[in-house]
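*Asks:* I have a structure I would like to understand better, so I am pasting it below and will then ask my questions one at a time.
What follows draws every value from the coordinates through simple rules; no lab data is involved. In this text the structure is predicted, and so the values were computed from the model without any measurement. Here the Cβ is made from the backbone with ideal geometry for all residues, glycine too, and neighbour counts use every protein chain on show.
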């Protein structure tokens, strides 16, 4: 039997609550909702390290960030591990990556592609009308127009060329779109259809930020509708080429976006957010860590399914390999959840492990601090290395917007004790030296042998 194709598409900074398939009645996302209707939605999917590069490191390694080397933005993925594309290539897959890479700068010679045969990528740029990419070693090549539209064209061309030249082999293509990551206003005018006065904001947005939150969320939704239109092109291509039933199609995000929830924001010239809250992600709050995860495989995954099984970003690689009946390489820390998708039985986690190891960007400062957390069906528990922001204990079942920190409430002492035990067990099971490891005197980061992607960050 020929193995299935993989088309893994992820947006940047798209939170779970911002799709129709998640119950949002304001955002227009018909094509993403269509995928959800035709497959399975993981309602409890989380970014285990909610920052751009660490997520990508976890996606490609199936390992937590303290193990794979990508402890923060601009750090290298270790080369002594078997990556997702390398594991798939061993089984005959043609592999490709298109879009924002954020694991190193072009040109992308073979030694910098981590197993991808083809890359049309750039490291990190969120000026969506001013992006250049490298096509393997060739470049930089300017993108004419809105980046996600051109990136989708490159992805479609990869699929068509593969069918033409290597149609007897399966392909695995990862497509990374930049939006709805800030700046929120850089998207085609025809999708600027949301009236800020009619947008509903979360009750955890502080009153002084509510007006700007409505403006930002209106554009945030506009970006989502715009990338949804690109998904329509993908779906049409798969249908036209007769590939829909032979392709595992997955849509997700690297992490979420606060859009002023809890006072956190990216900050721009209209903002009054103070520097201690200059974060659009990287906290334990749902707006940061809770992400959409939708998978379609006609004939294999039953339509219209939803699951409450926990899925962290380290689980993606073993799950994709499991669906393709490819053996997982040694060292992976994630769980193969392919049985959940395919109607079988197997291991699942009782919770998800969350972590932040770095400053969000080299030399930014301690930013939101270094923390570890555990999330189960009822509770969110997190603590910091220096306790500068937490600790946190939230009853996510009865307090979904995480407004009432119960950590210092004596009535919840036993819950706190139980969650601390579970957190410590996660640290032990994953060999995370959060409490015991040697730290850098200057920035407080763990010394894990991490290396920068480029010498320009050395200082």
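*Asks:* Return a whole-number percent for the relative contact order of the chain, with Cα pairs under 8 Å and 6 or more residues apart as the contact set. List each step's numbers first, then the result.
*Replies:* Values: 998 pairs, mean separation 104.5, N = 459.
Relative contact order comes out at 23 percent.
*Asks:* Same structure again: When a/c is below 1.5 the answer is rounded, else prolate if a/b is larger than b/c, else oblate, so apply that to region 1-82 with a ≥ b ≥ c taken from the square roots of the Cα gyration tensor eigenvalues. Present the calculation step by step, with values, prior to reporting the outcome.
*Replies:* Numbers: a/c = 2.89, a/b = 1.56, b/c = 1.85.
It is oblate, given that a/c is not under 1.5 and a/b is not larger than b/c.
*Asks:* From the Cα trace of region 1-139, what convex hull volume per residue do you get, rounded to a whole Å³?
*Replies:* On the way: hull volume 19.5 nm³, N = 139.
It is 140 Å³ per residue.
*Asks:* Give me D for region 287-440 in µm² s⁻¹, whole number, from Stokes-Einstein with Rh from the Kirkwood sum over alpha-carbon pairs, 10 °C and 1.306 mPa s. Could you put the intermediate results ahead of the total?
*Replies:* On the way: Rh = 17.6 Å.
Diffusion coefficient, whole number: 90 µm²/s.
*Asks:* Classify region 151-267: rounded, prolate or oblate, from the alpha-carbon gyration tensor (a ≥ b ≥ c, eigenvalue square roots; a/c under 1.5 rounded; otherwise prolate if a/b is larger than b/c)? Spell out each step's value before the answer.
*Replies:* Values: a/c = 3.30, a/b = 2.62, b/c = 1.26.
Prolate shape, in that a/c is at least 1.5 and a/b is the bigger ratio.
*Asks:* To continue, here is another question. Mind checking the log10 I(q)/I(0) for the chain at q = 0.11 Å⁻¹? Debye, one equal scatterer per Cα, no solvent, two decimals.
*Replies:* -0.84
*Asks:* Ok, one more. How much of the DSSP beta bridge set in region 6-146 is antiparallel, as a percent to the nearest 5?
*Replies:* Numbers: 5 of 10 bridges.
Just about 50 percent of them are antiparallel.
*Asks:* Treat the count of other C-beta atoms within 10 Å as a stand-in for reagent exposure and order 52, 324 from fewest to most. If you can, show how the numbers build up before the last one.
*Replies:* Values: 52 30, 324 19.
Going from least to most buried by this count: 324, 52.
*Asks:* Here is a further query. Taking 0.36 nm per intervening residue step and subtracting the Cα-Cα distance, what contour gain separates residue 386 from residue 164 on full extension? Working shown, then result.
*Replies:* On the way: separation 222, 0.36 × 222 = 79.92 nm, distance 5.66 nm.
Full extension of this stretch gives 74.3 nm more.
*Asks:* Rounded to the nearest 5, what % of the DSSP beta bridges within region 5-342 are antiparallel ones? Walk me through the intermediate numbers first.
*Replies:* Details: 13 of 43 bridges.
Of those bridges, close to 30 percent are antiparallel.
*Asks:* While we're here: Which semi-axes, in whole Å and largest first, does the equivalent ellipsoid of region 353-457 have when worked out from the alpha carbon gyration tensor as the square roots of 5 times its eigenvalues? All intermediate terms of the calculation are to be shown ahead of the outcome.
*Replies:* Values: eigenvalues 164, 46, 28 Å².
That gives 29, 15, 12 Å for the three semi-axes.
*Asks:* Rank these for me by crowding, 288, 328, going from fewest to most other beta carbons within 10 Å. All intermediate terms of the calculation are to be shown ahead of the outcome.
*Replies:* Numbers: 288 28, 328 17.
Listed from fewest to most nearby Cβ atoms, that is 328, 288.
*Asks:* Extent of region 90-191 along each principal axis, from alpha carbon coordinates, in Å, largest to smallest?
*Replies:* So the three principal-axis extents are 42, 29, 20 Å.
*Asks:* Then there's this: Assign one of three labels to region 75-117, namely rounded, prolate or oblate, based on the Cα gyration tensor with a ≥ b ≥ c the square roots of its eigenvalues; rounded applies when a/c is under 1.5, prolate when it is not and a/b is larger than b/c, and oblate otherwise. Don't skip to the end; give the middle numbers.
*Replies:* Numbers: a/c = 2.05, a/b = 1.38, b/c = 1.49.
Judged from the Cα gyration tensor, region 75-117 comes out oblate (a/c at least 1.5, b/c at or above a/b).
*Asks:* What's the exposure ranking of 46, 394, going from fewest to most Cβ atoms within 10 Å? Present the calculation step by step, with values, prior to reporting the outcome.
*Replies:* Values: 46 28, 394 24.
Listing 46, 394 from fewest to most nearby Cβ atoms yields 394, 46.
*Asks:* When the label point is put 7 Å from the Cα of residue 190 along its Cα-to-beta-carbon vector, which residues of region 136-161 have a backbone N closer than 17 Å?
*Replies:* Only 145-153 pass the distance filter.
*Asks:* I would also like to ask the following. Could you give the length gained by full extension between residue 399 and residue 455, i.e. 0.36 nm per residue of separation minus their alpha carbon distance, to one decimal place?
*Replies:* Numbers: separation 56, 0.36 × 56 = 20.16 nm, distance 4.51 nm.
Value of the extension gain: 15.7 nm.
*Asks:* Something else about it: Express in nm, to one decimal, how much length is gained between residue 110 and residue 239 on full extension, taking 0.36 nm for each residue of separation and deducting their alpha carbon distance. Don't skip to the answer; put the middle values down first.
*Replies:* Working: separation 129, 0.36 × 129 = 46.44 nm, distance 3.21 nm.
Working it through step by step, the gained length comes to 43.2 nm.
*Asks:* For region 411-455, just the Cα atoms, rotate onto the principal axes and tell me the three extents in Å, largest first.
*Replies:* 51, 22, 17
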